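Participant: Quick one: structure below, then a few questions.
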Amino acid sequence: MAQQAKAVGVFEALGEPARRRILELLADGERPVGPLVVALRSLTPISQPAVSQHLKVLLDAGLVTVRAAGTRRLYALDTAGLDAARAWLDRLADPLAPFAQPLDALATEVARGRRASKAGTTSTRSRANTANTG
């Protein structure tokens with residue numbers, strides 16, 4: 001349930017186009033705020049404080065990490081948040097996935113039972129044939 005809550009936060013954060021663009025920019029690697037602002041301004045008028053606020057939302061959602069490097073703060077993608085979103089989407093795409101392994105085990109047991117049953121039938125026939133010929 002905690003993973004689902006994290007995924008919901010991720011999708012709420014992704015609802016803003018500027019945040020999605022920030023993630024696309026960070027996919028190329030770690031960056032400070034300045035180059036992110038310049039890249040975003042080429043698309044839309046946006047201030048440095050607004051970009052910082054978007055980064056805070058992405059950080060709270062678990063989509064980015066931040067580390068200090070001297071006086072700069074460097075932002076990067078956080079794969080844990082992306083994995084939470086991917087897992088949530090996977091559950092939607094294949095709702096029976098949690099049952100796959102138990103069903104595989106059941107299929108194996110059924111196959112074993114059939115083989116055992118066949119082997120038992122064959123040995124019974126062999127004994128019957130031996131009794132009839134002897």
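The values are calculated or read from the model by the stated rules, or taken from the named source; none is laboratory data. Keep in mind the model is a prediction, meaning the values are calculated, not measured. Every residue, glycine among them, receives a Cβ derived from its backbone with ideal geometry; neighbour counts consider all protein chains shown.
Participant: Residues of region 61-90 being touching a residue at least 60 places away in the same chain (Cβ under 8 Å), surrounded by 16 or more Cβ atoms within 10 Å (Cβ to Cβ) and small (Gly, Ala, Ser), which ones?
Facilitator: The answer is GLY81, ALA84, ALA85.
Participant: For ALA93, which of the numbered conditions (1) surrounded by 14 or more Cβ atoms within 10 Å (Cβ to Cβ); (2) modelled with pLDDT under 95 fails to hold?
Facilitator: Only one criterion in (1) surrounded by 14 or more Cβ atoms within 10 Å (Cβ to Cβ); (2) modelled with pLDDT under 95 is unmet by ALA93, namely (1).
Participant: Right, here's the next one. Is it the case that region 66-84 has a residue that's in contact with a strand residue (DSSP E or B) (Cβ under 6 Å, 6 or more places away or on another chain), within 17 Å of VAL10 (Cβ to Cβ) and assigned to a loop (DSSP other than H, G, I, E, B)?
Facilitator: yes
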